[in-house]
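A short worksheet on the structure shown next.
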Amino acid sequence: VQLQASGGGLVQAGGSLRLSCAASGRAFGSYDMGWFRQAPGKEREFVAGISASGRNTYYVDSVKGRFTISRDNAKNTVYLQMNSLKPEDTAVYYCARRPWGVAGWGVAATYDYWGQGTQVTVSS
């Protein structure tokens, strides 16, 4: 299984970016997916998660109302639409896969495969 994240870049505060994460391998639609981020000098932080079917989504409080996670199981891809970006959103963003139904969306150890990360920089 390989996860390839893309879509990062430099944007001004208030702007938008859409991250994509393309997965190889079979049975993409059988796994929950998540996005994490890590800023310099900080621990990796859960940002958003989506269930295998796409019916359920979860967000860290700091991005609620600004970020939207979605997935297209026919394309083996999960997305993170980021609007109203703030300088504090600056980080490397990682997508990750976890087995369906495992508890603890925000726990990195519950994810078994990770993408390589894509840099998001928000200027003030």
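The values are calculated or read from the model by the stated rules, or taken from the named source; none is laboratory data. Remember, predicted model here, so these are calculated numbers, not experimental data. When we count neighbours, we look across all protein chains shown, and the Cβ atoms used for this are built from the backbone with ideal geometry, even at glycine. The area values use the complete protein model at the heavy-atom level, side chains included, leaving out ligands, DNA and RNA. Shrake-Rupley method; radii C 1.70, N 1.55, O 1.52, S 1.80 Å.
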task = Output the qualifying pairs, or none if there are none: Cβ atoms under 8 angstrom, residues six or more apart or on different chains, first residue in the range 74-103 and in contact (Cβ under 8 Å) with a residue 40 or more places away in the chain and under 20 Å from Ser53 (Cα atoms), second residue of a type in the set (Lys, Arg) and surrounded by fewer than 18 Cβ atoms within 10 Å (Cβ to Cβ).
result = Tyr79/Arg18; Leu80/Arg18; Gln81/Arg18
request  = Only residues that are touching a Ser or Thr at 6+ places or on another chain (Cβ under 7 Å) and either open to solvent by 50 Å² or more (accessible area, probe 1.4 Å) or assigned to a loop (DSSP other than H, G, I, E, B) (or both): list them for the range 94-104, please.
outcome  = Trp100, Val102, Gly104
message = For the range 4-14, check the following and say yes or no: at least one residue is over 18 Å from Thr121 (Cβ atoms), modelled with pLDDT of 95 or more and open to solvent by 30 Å² or more (accessible area, probe 1.4 Å).
response = yes
Options Arg18, Arg55, Arg26; residue that is within 14 Å of the chain's Cα centre (by Cα), charged (D, E, K, R) and on the phi < 0 side of the Ramachandran plot = Arg18
query = Would you say Asp89 is at pLDDT 95 or above, under 16 Å from Gln2 (Cα atoms) and surrounded by 21 or more Cβ atoms within 10 Å (Cβ to Cβ)?
reply = no
inquiry  = Residues that are open to solvent by 60 Å² or more (accessible area, probe 1.4 Å), under 22 Å from Gly25 (Cβ atoms) and touching a helix residue (DSSP H, G or I) at 6+ places or on another chain (Cβ under 8 Å): does the range 105-119 have at least one?
reply    = no
Residues of the range 72-93 that turn out to be closer than 17 Å to Thr57 by Cα and in a strand (DSSP E or B), as a count = 7
ask   = Does the range 95-103 contain any residue that is touching a strand residue (DSSP E or B) at 6+ places or on another chain (Cβ under 7 Å) and closer than 23 Å to Val11 by Cα?
value = yes
note = Condition set modelled with pLDDT under 95 and in a helix (DSSP H, G or I), scope the range 15-71, selection surrounded by the most Cβ atoms within 10 Å (Cβ to Cβ): answer is Phe28
